Structures are given as C-alpha cells and as structure tokens.
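So the structure is just underneath, and the comments pick up after that.
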Amino acid sequence: MNTTADRGLARAVQRITSTARGPYQSAIVRIGFAATWLLFLLRELPNRHEMYGPNGPWSWGMARQLIAANDAFTALMWSDTTLWFELVYGIAVLSSVLLILGWRTRTMSVLFMIGVLSLQNRSIFMGDGGDNVIHLMAIYLVLTRCGQVWSLDARRAARAAPGVTGGPSRDRVGPVLWAVLGLALITATFLNQTGWLVMLLLGLLWVGLGLWWVVSRFAPHSEPRALLDVLANLAHNAAFVVIMAEVCLIYATAGWYKIQGSRWQDGTALYYPLKLDYFTPWPALSDLLASGGVMVMVLTYGTVIVQVAFPFTLFNRRVKNVLLAAMMLEHAAIAVLLGLPFFSLAMIAADAVFLPTAFLIWLGGRAARGRDRLFSRADVAGRPEQQRGSPDQPRTLVG
C-alpha cells in the first residue's frame, strides 16, 4: 500500500513540476483581461485627466495622503506632472496591446500589472467590481506562463527549435529591454519613490528574467535550466489554482450574500436595477423585461442558484460546462441591459479559466482559419490586375 501511495505522490509531483497546466486557459485569460483593460483605457482616453490625472476631483495631494496610510503601489505618485501621467497611461495602453499579442509575455505581464495598479490605486473611487477582478488577475498573471500558445513568444520559440535558424543567440531585443527596465528600476529605487517591499519584488522579477535569459542562452540543456523550468511550472500551476479559487470565491460569496437579501428571496431583485435610469442604456428593452413578473422571478432565482452551485459542479464536467455557459450569457446580458460592459468582460475573462481545452483548441483553429482567409483576400486584392488575371486575358485550365 505504501508503494502505491508513493507512486501516486510521485506522479502528482511529476505533473505539477514537469509542465505548466492549462496553457490554453491561461492564454485566453491573458488575452481576455488585457483586452478588457485596453478597451477601458481607450474608451476613457478623452476623460483620462479627470479620472486619473491632474484634473480629477481626487487630487494628487489627496491620493498621496491615502497611499501614505495604506502603502498601495502607484507609479503616478512619483510625479504630479502631466508629462509623467501621459507616459504612465501610454505604457499601460502599450503593455496591454503587447500582452494580447503575447510579445515578451513575462515582461509585459509585469508592465501590465504596474499599469493597472498605478491607475486604479491613483483614484480608488473610479472603479467597480470589474476593476477589482482586473486588479487581482493582473497580479496573478505575472506568475503564470501565459504565453505558451496563441502568442508571438510561442511562434518565436517554435522558430528557435533545434534545426531552425534564429534561436536564442539571435535575440537582441530581450537584453536591450531588460537593460532599459533595469535602469528605470534602479532610478526609481535611488529616488526612493516607492516602498522597499515593492521595489524588492520588482527587483527579484528583474533578476529572474535576466537569469532565465542567460541560462537559456548559454546552457539550454543544463541542470540550472531544468531547475528554472521546475520553479516556473510550480509558480504557474500555483497561480492557476489561485485564479480558479478566486473565481469560485467570487461566485460563492455573491450567491450566499444574495440568499440573505429579502428581494432575492421573494424573486424581485432583478426588477429594481431595470428601473434605474443609470443602469438602463436601453429603456424599452429594460421595461419589456421588467414587465414580465414570471421572467423576473425565474432570472432572479436562476442567478442565485447558478452562483451558489457553480463551485460544487467542478467535480462534474458536463454540469460545470452548462453552468459556465449560463454565467457567461448572464454577464453578456448584464453588459447589454445594465450598461456594464467592462465588468461583464472582466467576469467572462475570469470564467474562461474553466473552459474545456477541446473547445479552446477548436476556437483557436477557427480563429486561425478566419485570419488566414482575411489575409489571403487582402493579398489577392492588393495584387496588380495583370497578376490576378483580367477578364480580357485568356485563362488556362489545368487538370
């Protein structure tokens, strides 16, 4: 019996150390949250100075007093100039774009986290539930290997495979990017612009990225590289479990708190937000839904049941997939009916961590075929008329 238990333990250790689990799920979470944050930043581009910048009601001095008390991290407290604010906002936008594309995902995930924390901690009263989810997931993504698939990093790694030219020895961008970010980190540390703990964590990440590149460059098949892979896989798998637990905790707490509310108990809770002007971008549609008493009751009770039951359905794949689809549809309805698109996108991105691998592979294949068709049509449209064959020229049929 001890031998059987030892073998089972050995297999479990092998599974969590040899590979980074859920590569497609971590990729869709990366793309989902980066896209949600990017769309939010672009939507609020005209209002950025009032929300997070020098023209906001929550002034720089007030934010500095609060941050001095709660020790929250934000690079926007390093300077109160408009130029510095524009630089931080631009880095937040750029890092989101590059994280979606999967370019240098380890570095971009750190810059993405810095952008999210800097803006959200600068004006804490500008957010909602969706911002809180992005806040947490931005931290977790730093620990994941979220660029294994559907990324430019994965394409570069495939080209660097044995027998393919353009391997790690030809990588010039990585060291330059590492040196630039290191200089910025040293400057911020020297100016003492943030807490020592935050700078220590960022410094460890910076050193780790440099160590990873050196080992991959000069000793790709050595024991130190194998050790780094094991540590990276452990960090990824642990963060992946935390992300799943976080999603379950969000739904469990939301569902159990709803049960305690009298409006949720009598089945009328959904009626009231449909009658608030602030949450009715489509008044006619909201009035139509609110006019059906049975529909309101079914949706109210259904919301509570789905949220409370979802964590317990993880042990049954089929039931879990059904409730997962129901929750995603629910958030899509919230985006349309209540006018909360970014909250809904953030929750859908969080839900995506539970999507089946087979479905994600199918979805990736469809997206790749659509991309190829789009580029092939653009290529044909861009050719000269003589190359495409004009109607006046005879065509030769072969076969």
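Ala332 fulfils the conditions (1) open to solvent by less than 30 Å² (accessible area, probe 1.4 Å); (2) free of Cβ contacts under 8 Å to residues at least 24 places away in the same chain; (3) not aromatic (Phe, Trp, Tyr) except for a single criterion, (1).
Residue by residue, here is whether (1) in contact (Cβ under 8 Å) with a residue 60 or more places away in the chain; (2) of a type in the set (Ser, Thr, Tyr) holds:
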| position | (1), (2) |
| --- | --- |
| Val93 | no, no |
| Thr105 | yes, yes |
| Met137 | yes, no |
| Thr144 | yes, yes |
| Asp153 | no, no |
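Residue count for the stretch 357-367, restricted to those that are open to solvent by less than 40 Å² (accessible area, probe 1.4 Å) and closer than 17 Å to Ala325 by Cα: 1. Checking each residue in the stretch 65-76 for being open to solvent by less than 30 Å² (accessible area, probe 1.4 Å), out of contact with any Leu (no Cβ under 7 Å at 6 or more places or on another chain) and either outside the structural domain of Arg145 (by TED's automatic domain parsing) or polar (S, T, N, Q) (or both) picks out no residue at all. Anything in the stretch 107-116 that is open to solvent by 20 Å² or more (accessible area, probe 1.4 Å) and either over 24 Å from Val173 (Cα atoms) or more than 13 Å from the chain's Cα centre (by Cα) (or both)? List them, or say none. Hits for the stretch 107-116 are Thr107, Ile114. So which of Arg64, Arg21 is part of a loop (DSSP other than H, G, I, E, B) and among the basic types (Lys, Arg)? None of the other options fit; the residue is Arg21. Suppose the filter is surrounded by fewer than 18 Cβ atoms within 10 Å (Cβ to Cβ), in a helix (DSSP H, G or I) and more than 20 Å from the chain's Cα centre (by Cα); does Leu231 pass it? In short, yes.
If only residues of the stretch 210-224 that are open to solvent by 50 Å² or more (accessible area, probe 1.4 Å) and of a type outside the set (Val, Ile, Thr) are counted, the one that is farthest from Val176 (Cα to Cα) is Glu223. The selection criterion, being open to solvent by 80 Å² or more (accessible area, probe 1.4 Å) and not aliphatic (A, V, I, L, M), holds for Tyr272. Within the stretch 36-64, the residues that satisfy the criterion of being open to solvent by 30 Å² or more (accessible area, probe 1.4 Å), more than 19 Å from Leu94 (Cβ to Cβ) and hydrophobic (A, V, I, L, M, F, W, C) are Trp58, Trp60, Met62. For Arg43, the requirement of being at pLDDT 90 or above, of a type in the set (D, E, K, R) and under 30 Å from Pro356 (Cα atoms) is not met. For Leu197, only one of the following conditions fails: (1) part of a helix (DSSP H, G or I); (2) over 27 Å from the mean Cα position of the chain (by Cα); (3) loosely packed, with under 12 Cβ neighbours inside 10 Å. What is its number? Result: Leu197 passes all but (2). Residue count for the stretch 18-35 under the criterion of being of a type in the set (Val, Ile, Thr) and open to solvent by less than 20 Å² (accessible area, probe 1.4 Å): the result is 1.
For every residue, the table says whether it meets (1) basic (Lys, Arg); (2) at pLDDT below 95; (3) open to solvent by 40 Å² or more (accessible area, probe 1.4 Å); (4) touching an Asp or Glu at 6+ places or on another chain (Cβ under 8 Å).
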residue	(1), (2), (3), (4)
Gln265	no, yes, yes, no
Thr268	no, yes, yes, no
Ala284	no, yes, yes, no
Leu289	no, yes, no, no
Phe312	no, yes, yes, no
Phe354	no, no, no, no
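Tell me whether the stretch 146-157 contains one or more residues that are modelled with pLDDT of 90 or more and at positive phi. Checked against the condition, which is being modelled with pLDDT of 90 or more and at positive phi, the stretch 146-157 yields at least one hit.
Test Ser79 against the stated conditions and say whether it is in the same structural domain as Trp60 (by TED's automatic domain parsing) and either under 13 Å from the mean Cα position of the chain (by Cα) or open to solvent by 20 Å² or more (accessible area, probe 1.4 Å) (or both). Answer is yes for this residue.
Here Trp103 clears all of (1) buried (at least 21 other Cβ atoms within 10 Å of the Cβ); (2) assigned to a loop (DSSP other than H, G, I, E, B) except the condition numbered (1). The numbered conditions (1) among the acidic types (Asp, Glu); (2) assigned to a helix (DSSP H, G or I); (3) modelled with pLDDT under 95 are all true for Glu86 except (3).
Taking (1) modelled with pLDDT under 85; (2) touching a helix residue (DSSP H, G or I) at 6+ places or on another chain (Cβ under 6 Å); (3) among the aliphatic types (A, V, I, L, M) in turn, Val398 satisfies each apart from (2). Based on this model, can you work out whether Val93 counts as more than 15 Å from Gln120 (Cα to Cα), at pLDDT 95 or above and of a type in the set (Val, Ile, Thr)? No, not satisfied.
The values are calculated or read from the model by the stated rules, or taken from the named source; none is laboratory data. Keep in mind that this is a model prediction, so the values were computed, not measured. Reconstructed Cβ throughout: ideal geometry from the backbone, glycine too, with neighbour counts over all protein chains shown. Quick note on the areas: whole protein, heavy atoms, side chains included, nothing else; ligands and nucleic acids left out. Shrake-Rupley method; radii C 1.70, N 1.55, O 1.52, S 1.80 Å.
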